[in-house]
1. Would you be able to say whether some residue in the range 69-90 is over 10 Å from the mean Cα position of the chain (by Cα) and among the small types (Gly, Ala, Ser)?
2. Of the residues in the range 61-96, how many are farther than 18 Å from Asn39 by Cα, of a type in the set (A, V, I, L, M, F, W, C) and surrounded by fewer than 16 Cβ atoms within 10 Å (Cβ to Cβ)?
3. Can you tell me how many residues within the range 36-60 are more than 22 Å from Asp25 (Cα to Cα) and either touching a residue at least 60 places away in the same chain (Cβ under 8 Å) or exposed (fewer than 15 other Cβ atoms within 10 Å of the Cβ) (or both)?
4. Working only within the range 19-46, note down all residues that are of a type in the set (Val, Ile, Thr), closer than 16 Å to Ile81 by Cβ and touching a strand residue (DSSP E or B) at 6+ places or on another chain (Cβ under 8 Å).
Amino acid sequence: MTKTIEVQKSWEPDYDSEAARLETDKNLKEKVINALRTNVFINCEKIRVRVTGRLVFLEGTVHLQKERISAQKCIRDIFGIRAVINYLTYHNEYAE
C-alpha cells in the first residue's frame, strides 16, 4: 500500500531559471531608473543602470559627490536588490 502525501509550496520566484532571473533584473532596472528620475537631488542624465543577478551597477558621471551618495541612498531600499555597486564619478572642482 502506497501513501501519497501532498505538499503545498508557497510561491517563490524561481531565480535559478534564466528567464525568471532576466525578468527580475528587468523589473529591478525599471524601478531603479524611476527612483532616480523622481529624486530632485539627482541629475540622472548621465547615469547608466545595469542589473545582473539582482546586483545594481550605477555607472556614469554626476556633478557633485552629494548626487553620487543620494543616488545610492534613494535606491538601496528597493525590494529585491541584493547590493548596489556605485561606479558613479563626480567632478572635483578643487582639483584644478
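Read the figures in this text as sums done on the coordinates, not as results from a lab. Keep in mind that what you see is a predicted model, and the values were worked out from it rather than measured. Glycine gets a Cβ as well: all are built from the backbone with ideal geometry, and neighbour counts include every protein chain shown.
1. Within the range 69-90, one or more residues are over 10 Å from the mean Cα position of the chain (by Cα) and among the small types (Gly, Ala, Ser).
2. 3
3. Count: 2.
4. Residues satisfying the conditions are Val32, Ile33.
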